[in-house]
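The values are calculated or read from the model by the stated rules, or taken from the named source; none is laboratory data. Fair warning: this is a prediction, and the values are worked out from it, not measured in the lab. Here Cβ is always computed from backbone atoms with ideal geometry, including for glycine, and neighbour counts include all displayed protein chains. Heads up: the accessible areas ignore ligands, DNA and RNA and are worked out on the full protein's heavy atoms, side chains in. Shrake-Rupley method; radii C 1.70, N 1.55, O 1.52, S 1.80 Å.
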Amino acid sequence: MQLSEQQQNAVNHTGSPALVVAGAGSGKTRTLTAKFSHLVNIGHDPKRILAITFTNKAAEEMKSRLIEMTGLKNHAFEWVRTYHSACLMILKQHCEKAGYKSPIQVFSVYSQGKLVKELCVKNNVEKKNANKILSAISRAKNFGNPEKYFDLKPGLFSINIKDLYDQYEERLKEMNSVDFDNILLKARDLLRDHTQIRDYYRKYFSYILVDEYQDTNNLQEDLTNLLLGEHRNLFCVGDDWQAVYGFRGSNVNHFIGFPEKYKDAKIFRLEENYRSANEIVQAANDLIDHNPDKMEKKCFSQKKGGVVEIYEFISDSREAEWVAKRIKGLNRQGQGIGFDNIAVVYRTKFCSLLFEKIFRSYRIPYSLKGAQGFFERMEVLDINSYLSAAFFPGDDVSFERIVNTPKRGIGPAMIKKIAAMRTETTSLQDAARIMVKDRVLTKKIHENLSMVLEILDEIVDLAPARAMEVVLEKTEYFEYLKKKVKTTAEFVSKKENIEQLIYTARSKNDLLEYLEDAALIREDKEDDDDQDSSGVSLLTIHSAKGLEYDTVFIVGCEERLFPHWRSIDAGDNAVFEERRLMYVAMTRAERFLYLTHTSYRKGEFARRSRFIDQIQECLS
């Protein structure tokens, strides 16, 4: 693997913690992978190197590069994982110590939402607040200390979140389940409170590598500290100029404070951008210069001839029309830049609507990225809920979803009756089994409920793909789907999703392995592999992070849209993050970068963004 002198120096360094401050397009993933390979070459056991990536997709890519570079098999890199995936391994290994029975269930996004809505009803809180409550619970956990978080932010309007949080945690515990954030929180508590377990992992991991270090939150930082042995072999890579997840609880200060925390730390700077032309790199540098607290670096590129242009329009419809015409011109009927090498990026999702309309009328193929996650689609949730209810009899949420899907006369009133049979130690499914056994139901309901339970019993020991086929067959699911959807095209699309689901499941050996993977996949919300990638990409800037295109249009550059009004109202630090977001957007482009703003958006007067003024300044 060809490395630059700076990359090579970082790879060769050992003996103290190291931070690689890597500019956009400077080959940080290549450096991280080369570091891992180098450690194996000098005698480290690959199974004892913990390499943390931020998405499952990045972990898989890193593994396949390492297999190629070292000639070792996949299982040699079992600790190349996301924080969530690594912590789940630790939690499963010691679940009794953490107060759980094996196997632990990981709650899906759907199940979390359903549970919080139930608690809202129980506590006379409007269900429309469920998402806000879930976000607050998630932030409290990632803060690293939920109690302290709720002391600082006790309520949402008049809702007592702390109280709902306690009830939510209690229900999870009853179901022997953890939600996504609990994976980290419970693993952290386990390592913090059990010296023996902590010492075991500290001795076990001979080196810790962390990618995208600027995006770690307090909880992830705690975990890194707890796992780091006396050898202090820590190698972190990232770019504080691209820290854009503060709203999710990330804390860029861990990155900036690295040299302060590890006094003997070695800092390496990767400043050459191999992606973008120098004109784009310099404009982005000048913009980020307006942010005060950051790691200094001087990014540059050897490539010349980049274009950075700013355009103003009277209205958002004119803006969309101009973008469509410019894309047509750049594509030159397929002779110029390919549609799939062009992106239109925006700060918030609503901006895509006008572009979707105009692209259809101009016959420009496009794909909308970062739309609904694959595992959150109705048909996928239905099938996965059957598998989950079979494997985890205590999963009330999944059982309630499938007991009347397809419709079989077991509606909300009947579910209430079943729930009334529950005791402290029985689940909804246990109660249903008792009612079937005691024959206390009408003939039709008795038969239908028996059929559901028979399906669950039949699939529990099957391979995941076969279990799905049995569910589809026994429930006549495709017939139900045909009646449920409005158009043939929608039916075909949903059927294809199910076929894709079965195909994905074929690589898994048992239901537990499959269900864990499906629950962990949410980290890749923005990595939608299953989406059609032909055509112009329409996506939010957060979804565009890590991607690259020949040509990028950054649209909607107006005050209160970008920077977003919430960030303006929240104060300086939030605006600094918005500026970093603009930096991310600009550095996605290789050759052509266009920024647009309008005088009227959605019929209301709009003022051009301060970022446009700052970029204009450096262009002139």
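Might you check whether a residue that is free of Cβ contacts under 8 Å to residues at least 12 places away in the same chain, in a helix (DSSP H, G or I), of a type in the set (V, I, T) and not assigned by the TED database to the domain that holds H44 occurs anywhere in the stretch 120-135?
Among the residues of the stretch 120-135, at least one is free of Cβ contacts under 8 Å to residues at least 12 places away in the same chain, in a helix (DSSP H, G or I), of a type in the set (V, I, T) and not assigned by the TED database to the domain that holds H44, which makes the answer yes.
Please tell me if I310 is of a type in the set (A, V, I, L, M), farther than 30 Å from I455 by Cβ, assigned by the TED database to the domain that holds R610 and surrounded by fewer than 19 Cβ atoms within 10 Å (Cβ to Cβ). First the steps, then the outcome.
On the way: of a type in the set (A, V, I, L, M): yes; farther than 30 Å from I455 by Cβ: yes; assigned by the TED database to the domain that holds R610: yes; surrounded by fewer than 19 Cβ atoms within 10 Å (Cβ to Cβ): yes.
In short, yes.
Is it fair to say R408 is in a loop (DSSP other than H, G, I, E, B) and in the same structural domain as Y480 (by the TED database)?
Yes; evaluated as a whole, the condition is true for this residue.
Within the stretch 161-176, is even one residue among the acidic types (D, E) and crowded, with 19+ Cβ neighbours inside 10 Å?
no
Just the residues that are closer than 23 Å to N253 by Cβ, in contact (Cβ under 8 Å) with a residue 12 or more places away in the chain and open to solvent by 10 Å² or more (accessible area, probe 1.4 Å), please, taken from the stretch 555-574.
Taking the stretch 555-574 and keeping what is closer than 23 Å to N253 by Cβ, we get 563-564, 566-574.
From what's left, in contact (Cβ under 8 Å) with a residue 12 or more places away in the chain: 563-564, 573-574.
Across the stretch 555-574, the qualifying residues are H564, N573, A574.
Hey, among the residues in the stretch 599-614 that are of a type in the set (S, T, Y) and touching a residue at least 60 places away in the same chain (Cβ under 8 Å), which one's most open to solvent (accessible area, probe 1.4 Å)? So that I can check it myself, show each step before the final result.
Of all residues in the stretch 599-614, those of a type in the set (S, T, Y) come to 599-600, 609.
Subset that is touching a residue at least 60 places away in the same chain (Cβ under 8 Å): 599-600.
Details: S599: 24, Y600: 103 Å².
In this case the residue turns out to be Y600.
Where in the stretch 294-405 are there strands (runs of 3 or more DSSP E), lying fully within it, with 2 or more residues that are over 30 Å from L19 (Cα atoms) and free of Cβ contacts under 8 Å to residues at least 12 places away in the same chain? Give the derivation first.
On the way: elements: 307-315, 342-346, 366-368.
So the answer is none; nothing clears 2.
Filter the stretch 426-437 down to the residues that are of a type outside the set (D, E) and under 13 Å from D396 (Cβ atoms) and list them by number.
First, the residues of the stretch 426-437 that are of a type outside the set (D, E): 426-429, 431-437.
Once the filter is applied, which keeps residues that are of a type outside the set (D, E) and under 13 Å from D396 (Cβ atoms), the stretch 426-437 yields T426, S427, L428, Q429, A431, A432.
Go through the stretch 1-38 residue by residue and tally those that are more than 17 Å from H75 (Cα to Cα), part of a helix (DSSP H, G or I) and in contact (Cβ under 8 Å) with a residue 60 or more places away in the chain. Even if it seems obvious, please write down each step before you answer.
Initially, the stretch 1-38 is screened for residues more than 17 Å from H75 (Cα to Cα), giving 1-32, 34-35, 38.
Filter once more, so that each one left must be part of a helix (DSSP H, G or I): 5-12, 28-32, 34-35, 38.
Checking the rest, the ones that are also in contact (Cβ under 8 Å) with a residue 60 or more places away in the chain come to 6-7, 9-10, 28-29, 31-32, 35.
Count: 9.
Pick from the stretch 76-98 the residues that are open to solvent by 40 Å² or more (accessible area, probe 1.4 Å) and out of contact with any helix residue (DSSP H, G or I) (no Cβ under 8 Å at 6 or more places or on another chain): which of them is nearest to T224 (Cα to Cα)?
So the residue we want is M89.
Looking at K294, is it in the same structural domain as F592 (by the TED database) and either under 26 Å from the mean Cα position of the chain (by Cα) or buried (at least 19 other Cβ atoms within 10 Å of the Cβ) (or both)? Give the derivation first.
Working: in the same structural domain as F592 (by the TED database): yes; either under 26 Å from the mean Cα position of the chain (by Cα) or buried (at least 19 other Cβ atoms within 10 Å of the Cβ) (or both): yes.
Yes, satisfied.
Among L19, L72, which is buried (at least 23 other Cβ atoms within 10 Å of the Cβ), assigned by the TED database to the domain that holds H254 and among the aliphatic types (A, V, I, L, M)?
L19
Under 7 Å between Cβ atoms, at least 6 apart or on separate chains: pull out the pairs that start in the stretch 186-200 with a residue that is among the basic types (K, R) and end on any residue that is assigned to a helix (DSSP H, G or I) and surrounded by 21 or more Cβ atoms within 10 Å (Cβ to Cβ).
K186/L91; R188/L219; R188/L223; R198/L191
For N142, indicate whether it is touching a Gly at 6+ places or on another chain (Cβ under 6 Å), in the same structural domain as A22 (by the TED database) and open to solvent by less than 20 Å² (accessible area, probe 1.4 Å).
Working: touching a Gly at 6+ places or on another chain (Cβ under 6 Å): yes; in the same structural domain as A22 (by the TED database): no; open to solvent by less than 20 Å² (accessible area, probe 1.4 Å): yes.
No, not satisfied.
For the stretch 224-234, name all the residues that are touching a Ser or Thr at 6+ places or on another chain (Cβ under 9 Å) and at pLDDT 95 or above.
Keep residues of the stretch 224-234 that are touching a Ser or Thr at 6+ places or on another chain (Cβ under 9 Å), which gives 224, 229, 231-234.
Passing the criteria: T224, N233, L234.
Which of the following residues is under 23 Å from D179 (Cβ atoms) and either at pLDDT below 95 or in contact with a Leu (Cβ under 6 Å, 6 or more places away or on another chain) (or both): D529, D510, D438? Even if it seems obvious, please write down each step before you answer.
Details: D529 fails: under 23 Å from D179 (Cβ atoms); D438 fails: under 23 Å from D179 (Cβ atoms).
Just a single option satisfies the conditions, and that option is D510.
So which of K325, K369, K349 is more than 22 Å from L581 (Cα to Cα) and basic (K, R)? Full working, then the answer.
On the way: K369 fails: more than 22 Å from L581 (Cα to Cα); K349 fails: more than 22 Å from L581 (Cα to Cα).
Checking each option against the conditions leaves just K325.
One residue is enough: does the stretch 38-49 have a residue meeting the conditions under 26 Å from V584 (Cβ atoms) and open to solvent by less than 10 Å² (accessible area, probe 1.4 Å)? First the steps, then the outcome.
First, the residues of the stretch 38-49 that are under 26 Å from V584 (Cβ atoms): none.
Within the stretch 38-49, none of the residues are under 26 Å from V584 (Cβ atoms) and open to solvent by less than 10 Å² (accessible area, probe 1.4 Å).
Looking at the stretch 423-446, which of its residues are part of a loop (DSSP other than H, G, I, E, B) and open to solvent by 70 Å² or more (accessible area, probe 1.4 Å)? Give the derivation first.
From the stretch 423-446, those part of a loop (DSSP other than H, G, I, E, B) are 423-427, 438-442; that's our starting set.
Matches in the stretch 423-446: T423, E424, T425, D438, R439, V440, T442.
Residue check: is R332 out of contact with any Pro (no Cβ under 7 Å at 6 or more places or on another chain) and open to solvent by 60 Å² or more (accessible area, probe 1.4 Å)? Please lay out each step first, then the result.
On the way: out of contact with any Pro (no Cβ under 7 Å at 6 or more places or on another chain): yes; open to solvent by 60 Å² or more (accessible area, probe 1.4 Å): yes.
Answer is yes for this residue.
Would you mind telling me which numbered condition in (1) open to solvent by 20 Å² or more (accessible area, probe 1.4 Å); (2) among the basic types (K, R); (3) touching a residue at least 24 places away in the same chain (Cβ under 8 Å) K263 fails?
Among (1) open to solvent by 20 Å² or more (accessible area, probe 1.4 Å); (2) among the basic types (K, R); (3) touching a residue at least 24 places away in the same chain (Cβ under 8 Å), K263 violates only (3).
Could you tell me which numbered condition I183 fails, if it satisfies all but one of (1) at pLDDT below 95; (2) assigned to a helix (DSSP H, G or I)?
(1)
Name the residue, out of A265, A283, A277, that is among the aliphatic types (A, V, I, L, M), assigned by the TED database to the domain that holds L50 and over 23 Å from G144 (Cα atoms). Show your work before the answer.
Working: A283 fails: assigned by the TED database to the domain that holds L50; A277 fails: assigned by the TED database to the domain that holds L50.
Only one candidate passes the filter, namely A265.
When residues of the stretch 218-247 are filtered for being under 29 Å from V575 (Cα atoms), open to solvent by 10 Å² or more (accessible area, probe 1.4 Å) and not in a helix (DSSP H, G or I), how many remain?
Here the count works out to 1.
Could you say which residue among V485, V552 is open to solvent by less than 30 Å² (accessible area, probe 1.4 Å), more than 18 Å from the chain's Cα centre (by Cα) and at pLDDT below 95?
Numbers: V552 fails: at pLDDT below 95.
Answer to the check: V485.
Taking the conditions exactly as written (touching a strand residue (DSSP E or B) at 6+ places or on another chain (Cβ under 7 Å) and modelled with pLDDT of 90 or more), does F391 satisfy them or not? Working first, answer last.
On the way: touching a strand residue (DSSP E or B) at 6+ places or on another chain (Cβ under 7 Å): no; modelled with pLDDT of 90 or more: yes.
Answer is no for this residue.
When the stretch 193-217 is examined, which residues are found to be open to solvent by 30 Å² or more (accessible area, probe 1.4 Å) and either within 26 Å of the chain's Cα centre (by Cα) or at pLDDT below 95 (or both)?
E212
For the stretch 394-422, which residues satisfy the criterion of being under 30 Å from A505 (Cα atoms) and open to solvent by 60 Å² or more (accessible area, probe 1.4 Å)? Give the steps one after another, and end with the answer.
Our first condition is that a residue be under 30 Å from A505 (Cα atoms); within the stretch 394-422, this holds for 394-408, 410.
Correct list: K407 only.
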